[in-house]
Structures are given as structure tokens and as C-alpha cells.
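Participant: Sharing a structure below in C-alpha cells format, with a few things to ask.
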Amino acid sequence: TSVETINVPEGSTATFQVHLSAQPSTDVNVTVSRASGDADISVQSGAALIFTTANWNADQPVTLAAAEDPDISNGSATIRLSATGVPNKDIPATEQDNDTLHFITSVGTVNVPEGDTAVFQVRLSAQPSATVNATVSRVSGDADITVQSGAALTFTTANWDTNQPVTLAAAEDPDISNGSATIRVAATGVPNEDVTATEQDDDIDNGTISLVLDPSLSPAGTLFEAAVEISQNAETMAVFGLDLIYSTEFFKFINSQPGTLTGNWTITVDSSTAGLLKIMGTGGTVIPESSAGSLVKIIFQVNCLSYATPTETTLWLDNYTDDLEDEFLPVPCDSDFTFEPCGWLGDVNNDGNITPGDAQSAFEIYLGRITPTLCQTMTSDANCSLGTTPGDAQDIFEHYLGITTLPLCCAMVGAIKAEIVSSNQFSVAKETKVRVTGRDARPSKSPRLTDEAGGRRAEPRSGRIIYVLDTIGSSGQVVNIPVIVSNPRGLRSFAFDVLYPADMLGYLETQSTVLTREFDYVLGVEETPGLIHIEAESQEPIPIDDFGGLAILTFQVKEGAELGLPLHVLNPFGDLATADLGEGMFFRSETTGKDLKWVSLGNPEPAADSLVRIPVHLNDLFGLKAFGLELRFGVEQLTFIRVRQPDSEEGFVDFQAEEIEPGRLRIGGFRMSEDLRRGPGLLVELVFKKKSGGGEINLEAFVDDLSTAVITRGSLRLD
């Protein structure tokens, strides 16, 4: 054998080699086994070896294993090699134990209320070879802290891993300091274990202070409030100062607000040192004795973090000055915050991709069909408006199409502009393929070929249509205008021209989309002002049937009066040679987003026996893209049947209504592009069944493109 003795680490293996001393006359079958000793040591491999006249002098390995055990002793065993006609060979094997004997306490520090008790637990780390008699005593520190019970503990080979309690007591004393003491667990042959015990004094000279977090569990982008609160102050307060210490890895300081006790005070916050806020409050109404409330509220935002598991951090209050200096306790004061991992903004379904399904989920959260989790509440708020609306669903859907991009989380809103799309900003959706499913998710079967008033449409001549998406922009704005294709399957090499109004738009660049990002190239060249030639080529054909963007054209809107003109697709070539061509409208509006919209309930009309239709009118459909509203009605008199939007429903990606609670209806929708029709129109039509008598209907809660709308007739009585 290669060794005469061998050590085997506990929980691991060790190997030795075996060969014969001379050439045998016939095959020798050798068995290797534990002949005696510790059963934790076993032959893992090499228990049967065969030596022939050819390989008799070649080493063959034997691997031993030592199983984990609870004791601290180094067990041993005899490993025997035996064969017929050959003398046995014994190898002593010794387990190298990895268990060290020491005390384990349930805490390293313990707070003991003055005049009361506190308990901690003690056990051994491993099975001892004999009984261990431990003593627990105060070895230094405040004599008011004593061992009330558990001063003598006995651990045997049977109960060594069972916790045994030690109770500490803190005697009442006249001072106002929090004394501390060292409590030692000791025994012969075992290292000492110390626990620091701190007396929580109940003789408070002035009052208590606390740092209250709302909420204390949040994902990336969340705004949360840290309130400094006091109670039972023994003296009046007219000025205070303190430090708030926080982690800049987790948080960004946003602003401060007066507390409930300091409404007319002057609150100043010095944030010049990273991770430290020096807070000062002066002036205003003096806080009387025995008050309870907040001195200041600090607003933080959680940074864009991507931890895989919930992660805790601590915020601290320290360095009290002025009227907080006289024994406000505790010093320091701390509060724990936990970061909750969520997907990035827009990934409502938390599957690592941003898809139309996420837009649908955001829309259903608005409708009340989905009760969102904490993470869904955050990731569905794509426009960071502190609420989920159809506009968030629209933003998520356009991010998927490559028309715009979302920040990773709301903490980045100030740093990321969604004006110009860059392919490297889409790492979150890198593997996403353009495939839109679900009700009303496709564009109309024919591209829009209209003047501003609408109406004229071209009929397709084949199964593939290429056109420019309708867009609105104001002077000086940078806009992204997608070129859309239906049935893109098989496209690999193509070219086309886009004719645009050069007096309205200045061409900047052409970019790929989610659909064409893997192409070898997507190039756009402005051959003359007003004409862009686009070419693209890929080694692999597009495998998708449903529509998507082939390219995004980026323009800057030129100065000028309001005007609407078309953008034409011309001269298709290559795989697009037989495609039907369409056009999109670009409308320059100097009042984009500022148009005053009026919403009113129209006169009810009979629909059938006991059924009635209630129209909701909008004075100007122009610019409408995403909207939501609520309607309340009496459930005793009316039953909601359905909602419809005649005339323009085909332009909607999704349009639905949901009765989120009895008598409260939420309606919303979002479109592929803005409605460019000027003038009044029907927003929605609601169908109700009358039960008895009249019944009152009321409009309220407008969001997105209707958020600033004025209600001219918002209440209707059905008599």
C-alpha cells in the first residue's frame, strides 16, 4: 500500500494505492473492507480489486469516506485488504473531526428592561465526550444586572444540542443611564462565551424618540417616508437638531416636510455629506410638555436595485442637540428597512421580459380585475405617476414595439428620457419577439389612407401591408415614427422609401426595432430633403406572423403653425416587393397635451325592452390615445350590461369596462396611435338595464388623456 496509516477528513474522502509485491501465477481478487472501529469510516470505492499477471505491479486506488457526525472525537477504524493465498494487510484509518466544542448563545447582546427580566438560550456546538457543567455569571459591568436563573447548566451527550434558558434581571435604580454588563458562560475545557447585557432604563428625563418608516418594505423606485417621532417630552421644545444616517446604496434623499408637531416651523436639512442628513428645526409654535407626534418627515426614494432576495438595511438617528439633547432615548435610535426584489419597470408579470401580456396585466389592474401584489403595483406604474392607468399599459406596449423605452425603475425617471430609442437600452427585452396576441391587438386590415377628416382608405392587394404609424408632435420636439408591417414572416432582405414633409420635420436617424434588432444592418439615408431610403438585411428570416415595426425614423419637429400632412411609403423592393403600401399622418400641434376637453353624458336612448343606452361625449377627439374614467350608479335601479365604442373601436389595442364594486364602473382603453380627428365624437356608449324607478348616473375619476377634462354634464337621472 502507498501508506501505512491514513487520515480521512470528516465529511470528505481520502485515497491510498494498492499493488502486489510480485507477479502472481493467476488472478488475485482482493477485497477491501472495514474490519473494526468507527462505523463512520467506510470504503467508498475500490472495495474489490483484481490483479492479473499483467497489472500486478500497477497501483489501484481505494477511496475512504468519513461521514459527518455530531461528536468532537477523532474516530478510527482498521481497513483490511484480503485475498485467498495472500496475507492480510491492515491500514489504520483516523477520522479528522471538524466539530469544535464551544457554547452557542441565541443572542450576542440582550436588552434587560429596568425592573424586569430578559432571557437568552445556551447550547453546545457539538456532542461532548463527557458531561459539561457550565456556569453563567456577570464578570464585569453594572451590578444592577444579575443572573436570576440558569447560573448552572448541565450538558450531556444526550441533551448537548437542546437550548437551556438563562434569565437576567435589571434592578430599579435612581439614575437615567443605561448600564451594561458582561455575562460569561464558562466550563472546563470549553472556550468562554460572553453576552453583553444592557439595562433599558425607565427613568427618562425628557422623552422617547423613534424613527418610523412608512412603508418599511419596498421595491426599487418606491418613495417612502422616514418620520422622526417623539412622545412624553418632560419639557417644552422650541429648537432641535439631530443626524439621520442612511445607506446611499439603497436610498436617494428627495425632500423634507414638517411633522405633525412642527407645521409652522422652519425645517432645514443639510445633505451635503453622502449618507448623512443634518436636520435642524427652529421657530414656530413651541411644542408643549407631554406631546406625541412627529418633528420632521424625510422622503427617500429606493434606488434601482436588483438584489435576488429581500435585503435589509438600517437607518439611524444620532447626535441629538438643543431640546433633544437632554436624555431623549434611545441613543442612537435605529429602524430597519427591507428591499423587496421586483422586476424592472413594465415587467408586471415578473418573467424577465416586457411583452404585450404585461401591458394587458397593467390594464386589468386599472380595471380592478387583478388585485396587484406590492411588486405589481410598482412595475405596472410605467409612467411613474403613483398609480396604474391605461396610459401605463400604453407605455408598456410601446416599449415592447420599440417605439419608446422605459427607465429601469421610477428612481431613474430624472435620468432617462424616453424620446429617442437606442438598441442598447433594451437589454431587459433583448430576447423578446414581437408577437401581439389578445383582443383588438392588431391594426386595421387596411392602412390608414386619409385626409385629416378621415374616411378614405386603401384596400390591400396582398397579405402584407407596410405603412407609417400616425404621430403627433409639437415644434422643437424629437419624435419617433415607426414604419409598421403586417405579416412579417419570411422577411430577410428588403428596401423601401419614405416620403415625408420636409418643411415640418427634420430627419435625424433610422433605428432598428425589437423585430429587426438581430438584422445585420438597418440603414436609413436621406437621399434628398423629404425622401429617406431604408435598406435592411439579415441571415435569418423573421419567424413572426403578427405585425411589428421594421424601423423607427427619428425626426425633430420644425417650427410652424399647426398642420397635418401624410408620410408615404414608396418603392418597396426585395422581400417587400409585393407589399401593399399605406401612409400615416403626422400632425404638428402647438397645443399638444393642452387642448381643453369637455366630457358630458348624453341623452339616454332605448336599446330594447328595459335596456337603455347612455352615450358619453367628448368635445374633441384629437390627440386621444389612453384614457380612463369611472361611473357610479344605483344598483337598486340599474344593472350594467356592457360598454361599446362605435366608430373608432378598431384603433384600440384594448378597450374594456369592469364593475370594480357594486355600482362603481371603471372604463378604459389605449390605442396604437393618437386619434387625429378634430371635433366632437362619441367616447363610449354604456348599456344598462333598468330595474325599477329612475336611477342616477355620475361621471368621475378621469385619468391619462382625460385627466384635465372638464365635465359639462356629469350627472344624469333616468326617470
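Participant: Select from segment 112-127 the residues that are among the small types (Gly, Ala, Ser) and assigned to a loop (DSSP other than H, G, I, E, B) and write down the one among them that is nearest to residue 173 (Cα to Cα).
Facilitator: Residue satisfying both the conditions and the ranking: 115.
Participant: Considering each residue of segment 668-696, count those that are surrounded by 20 or more Cβ atoms within 10 Å (Cβ to Cβ) and not in a strand (DSSP E or B), and give that number. Talk me through it step by step, then tell me what you get.
Facilitator: Filtering segment 668-696 for residues surrounded by 20 or more Cβ atoms within 10 Å (Cβ to Cβ) gives 668-676, 683-684, 686, 688, 695.
Retained after the next criterion (residues that are not in a strand (DSSP E or B)): 672-676, 695.
Total satisfying the criteria: 6.
Participant: So which residues in segment 351-406 are under 27 Å from residue 516 (Cα atoms), polar (S, T, N, Q) and under 16 Å from the mean Cα position of the chain (by Cα), if there are any at all?
Facilitator: Listed by number, the residues that qualify are 353, 361, 379, 380, 383.
Participant: Scanning segment 264-286 for residues that are touching a Lys or Arg at 6+ places or on another chain (Cβ under 9 Å) and among the small types (Gly, Ala, Ser), which turns out surrounded by the fewest Cβ atoms within 10 Å (Cβ to Cβ)?
Facilitator: 272
Participant: Quick one: which residue in 699, 665, 629, 716 is in a strand (DSSP E or B), touching a residue at least 12 places away in the same chain (Cβ under 8 Å) and either closer than 29 Å to residue 473 by Cα or open to solvent by 40 Å² or more (accessible area, probe 1.4 Å) (or both)?
Facilitator: Criteria check complete, one pass: 629.
Participant: Among 244, 261, which is within 30 Å of residue 312 (Cβ to Cβ), open to solvent by less than 70 Å² (accessible area, probe 1.4 Å) and in contact (Cβ under 8 Å) with a residue 40 or more places away in the chain? Working first, answer last.
Facilitator: Working: 261 fails: in contact (Cβ under 8 Å) with a residue 40 or more places away in the chain.
Selected residue: 244, the only one of 244, 261 that is within 30 Å of residue 312 (Cβ to Cβ), open to solvent by less than 70 Å² (accessible area, probe 1.4 Å) and in contact (Cβ under 8 Å) with a residue 40 or more places away in the chain.
Participant: Hey, another quick one. Return the residue satisfying two criteria in turn: it lies in segment 188-222 and is buried (at least 16 other Cβ atoms within 10 Å of the Cβ) and under 28 Å from the mean Cα position of the chain (by Cα), and of such residues it is farthest from residue 166 (Cα to Cα).
Facilitator: Applying the filter and picking the extreme gives 221.
Participant: In addition: Looking for something hydroxyl-bearing (Ser, Thr, Tyr), in contact (Cβ under 8 Å) with a residue 12 or more places away in the chain, open to solvent by less than 40 Å² (accessible area, probe 1.4 Å) and in a helix (DSSP H, G or I) - is there at least one such residue anywhere in segment 383-392?
Facilitator: no
Participant: Moving on. I'd like the full set of residues that are open to solvent by 60 Å² or more (accessible area, probe 1.4 Å) and modelled with pLDDT of 85 or more, limited to segment 578-612.
Facilitator: Within segment 578-612, just 578 meets the criteria.
Participant: Okay, moving on. Inspect all residues belonging to segment 310-327 and state whether any of them is open to solvent by 40 Å² or more (accessible area, probe 1.4 Å), in a loop (DSSP other than H, G, I, E, B) and free of Cβ contacts under 8 Å to residues at least 12 places away in the same chain.
Facilitator: Yes, segment 310-327 contains a residue that is open to solvent by 40 Å² or more (accessible area, probe 1.4 Å), in a loop (DSSP other than H, G, I, E, B) and free of Cβ contacts under 8 Å to residues at least 12 places away in the same chain.
Participant: While we're looking at this one, here's another question. List the strands (runs of 3 or more DSSP E) inside segment 128-169, counting only whole elements, that have at least 3 residues being closer than 16 Å to residue 195 by Cα, of a type outside the set (D, E, K, R) and open to solvent by less than 60 Å² (accessible area, probe 1.4 Å).
Facilitator: On the way: elements: 132-141, 145-149, 152-155.
Answer list for segment 128-169: 132-141, 145-149.
Participant: Any chance you could count how many residues in segment 68-111 are closer than 30 Å to residue 198 by Cα and hydrophobic (A, V, I, L, M, F, W, C)?
Facilitator: The initial filter retains those residues of segment 68-111 that are closer than 30 Å to residue 198 by Cα, namely 100-111.
From what's left, hydrophobic (A, V, I, L, M, F, W, C): 101, 103-104, 107, 110.
Residues meeting the conditions: 5.
Participant: Here's another thing I want to ask about it. Output yes when any residue across segment 292-308 is among the basic types (Lys, Arg), part of a strand (DSSP E or B) and either free of Cβ contacts under 8 Å to residues at least 12 places away in the same chain or within 22 Å of residue 236 (Cβ to Cβ) (or both), and no when none is.
Facilitator: So far as segment 292-308 goes, yes, one or more of its residues are among the basic types (Lys, Arg), part of a strand (DSSP E or B) and either free of Cβ contacts under 8 Å to residues at least 12 places away in the same chain or within 22 Å of residue 236 (Cβ to Cβ) (or both).
The values are calculated or read from the model by the stated rules, or taken from the named source; none is laboratory data. Since the model is a prediction, treat every value here as computed from it, not as a measurement. Cβ: placed from backbone, ideal geometry, glycine included. Neighbour counts: every protein chain shown. Side chains included, ligands, DNA and RNA excluded: accessible areas come from the protein's heavy atoms. Shrake-Rupley method; radii C 1.70, N 1.55, O 1.52, S 1.80 Å.
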